[in-house]
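The values are calculated or read from the model by the stated rules, or taken from the named source; none is laboratory data. In this text the structure is predicted, and so the values were computed from the model without any measurement. Neighbour counts are summed over all protein chains in view; Cβ atoms, including those assigned to glycine, are modelled from backbone coordinates with ideal geometry.
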Amino acid sequence: MAIEILMPELGESVHEGTVSRWLKKEGDFVKEDEPVVEIMTDKVNTELPSPATGVLAKILIQEGDSVEVFHAMGIIEEQGAATASTPAAKDGPKAEPAKPAAAAPAKAEMPAPPSPNGGERRWYTPVVKAIAKQHSVSEKELAAIVGSGQGGRVTKKDLEAFLASGRGAVVAAPKLEPKPVPPTVAGPDQELVPMVGIRKMIAEAMVRSAAVPTVSTVQRVDVSAMVAFREHNKESFQEQYGVKLTYTPFFVKALSDSLIEFPLLNASLQPYGQVLMNRAVHIGVAVSLGEKGDQGLIVPVIRDCHKKTLIDLAKDLEAMARKARGNQLQVADVQGGTFTLTNPGSYGALFGTPMINAPQAGILGTYGINKEPVIVEDMIAIRSIMHIVLTYDHRLVDGLLAGRFLSSLRDRLQQFDFFK
């Protein structure tokens, strides 16, 4: 007889779990109450015992896959049907035929009423059970409802429709087909422009990024030394190296050094619970598209930032901005980033929470620099102050690590030892 290994209800608010590890393989012999599978939820990790003695005939939910409460994860063929598969039957001496075991007393449980799905026991989601309890719907009434869910499962809509009908008829909630979205028609003062190319690719990436659970953390930075250096050297820097000296190369250099110090911020979470650690630092930097910079933002990547000097980074940033203004960026120019930098402060933004570029672990926003009165050694001083904001994937990076990373970055900018 086949016995299902069911996902149990491990808490009132737990509706599903993940099979983290099977402790037995298909074909293995298992004893009743012997641990057979390891389950992980957002509240608990636990080993589930086998519901019967026999052979693990079939694994239905593979490791790493999720399973809803009360769904079958595997099938046990009971001992009577699987005696030949036991180690004793294969390797040991011939044993005398086992005497028929006395039937164990069945566990006391309420008899399940007949159901439309062939008399099998029916399972209901926690939501359905809660509604049924609230409205005193009996097991018999639940079993009479024709479910519209997968495999005839009774859904919330089915139960609500049953209650709305006066509880006198077997009903099934109508399956609502999604209404087709009518095409957009441009008005007399409008124009429809298709989203194509790089912008379309980035839009799709942002939709994926919106599904990542993120947190943002802020640090205030005194960049007076950096501001003073740029003011005194921007003209000579351009004459000597042929590129403008902006604040962005300083941000990229300090950021790449901090990413080497904290490699988990330079990593990415991959499918099947794997973390991809990057030894190289490839930073994507948001720049404006189009000659006037009015065609949106794009994030081309500067590669091997950890190996480059401030001057190298300034040249790369200039070349990248030039390609973006001329709409000459290729798809390869925006691929392969391990971390992202966005600088809204360049157009006056004071504060914000940037959106992560999944699957990267984080993105740093650098915001406007303003002179502010601050306390320095118990005296009021006017200093150049800015805010840096780190948005990070909270599945991979916790608040402590984020705070330490931002402190490291702050110290590098404040100490300003790029040329030592």
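Is it the case, given these coordinates, that ILE356 is assigned to a strand (DSSP E or B) and in the same structural domain as THR248 (by TED's automatic domain parsing)? For ILE356, the condition - assigned to a strand (DSSP E or B) and in the same structural domain as THR248 (by TED's automatic domain parsing) - is not met. For the range 321-353, residues that are within 31 Å of the chain's Cα centre (by Cα), small (Gly, Ala, Ser), over 28 Å from VAL223 (Cα atoms) and part of a loop (DSSP other than H, G, I, E, B) total 1. Selection over the range 200-242 of residues that are assigned to a loop (DSSP other than H, G, I, E, B) and surrounded by fewer than 17 Cβ atoms within 10 Å (Cβ to Cβ) gives a count of 4.
I'm trying to understand the selection: among the residues of the range 363-374, which are in a strand (DSSP E or B) and more than 19 Å from SER407 (Cβ to Cβ)? Lay out the reasoning, then the answer.
Taking the range 363-374 as the starting set, the residues that turn out to be in a strand (DSSP E or B) are 363-366, 370-374.
Within the range 363-374, ASN370, LYS371, GLU372, PRO373 meet the criteria.
Considering only residues of the range 260-279 that are assigned to a helix (DSSP H, G or I) and without any contact (Cβ under 8 Å) to a residue 24 or more places away in the chain, which is farthest from GLN62 (Cα to Cα)?
Quick first cut of the range 260-279, residues assigned to a helix (DSSP H, G or I) only: 260-261, 263-266, 271-273.
Of the ones still in play, those that are also without any contact (Cβ under 8 Å) to a residue 24 or more places away in the chain are 263, 271.
Working: PRO263: 31, PRO271: 14 Å.
Per the criteria, the residue is PRO263.
Go over the candidates ALA381, ALA402 one by one and state the one that is assigned by TED's automatic domain parsing to the domain that holds SER288 and either free of Cβ contacts under 8 Å to residues at least 60 places away in the same chain or surrounded by fewer than 16 Cβ atoms within 10 Å (Cβ to Cβ) (or both). Only one candidate passes the filter, namely ALA381. The criterion of being of a type in the set (A, V, I, L, M, F, W, C) and touching an Asp or Glu at 6+ places or on another chain (Cβ under 8 Å) holds for ILE385.
Per-residue answers, yes or no, for (1) under 23 Å from MET277 (Cβ atoms); (2) at pLDDT 95 or above; (3) of a type outside the set (Ser, Thr, Tyr):
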position: GLY336; (1), (2), (3): yes, no, yes
position: GLY362; (1), (2), (3): yes, yes, yes
position: TYR367; (1), (2), (3): no, yes, no
position: GLU372; (1), (2), (3): no, no, yes
position: ILE375; (1), (2), (3): no, no, yes
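Please find, among VAL299, VAL252, the residue that is farther than 27 Å from MET195 by Cβ and of a type in the set (Val, Ile, Thr). Exactly one of VAL299, VAL252 is farther than 27 Å from MET195 by Cβ and of a type in the set (Val, Ile, Thr), namely VAL252. Screening GLY147 against (1) in a loop (DSSP other than H, G, I, E, B); (2) at negative phi; (3) modelled with pLDDT under 75 leaves a single unmet condition, (3). Exactly one residue among TYR392, TYR367, TYR347 is in contact with a helix residue (DSSP H, G or I) (Cβ under 8 Å, 6 or more places away or on another chain), more than 20 Å from ILE260 (Cβ to Cβ) and of a type in the set (Phe, Trp, Tyr), and that residue is TYR367. Taken over the range 280-302, residues that are in a loop (DSSP other than H, G, I, E, B) and modelled with pLDDT of 95 or more amount to 3.
For the structure I just gave you, tell me whether ASP65 is farther than 26 Å from TYR124 by Cα, surrounded by fewer than 18 Cβ atoms within 10 Å (Cβ to Cβ), at pLDDT 80 or above and not assigned by TED's automatic domain parsing to the domain that holds LYS133. In short, no. Here ARG395 passes the criteria (1) in a strand (DSSP E or B); (2) in contact (Cβ under 8 Å) with a residue 40 or more places away in the chain except the one numbered (1).
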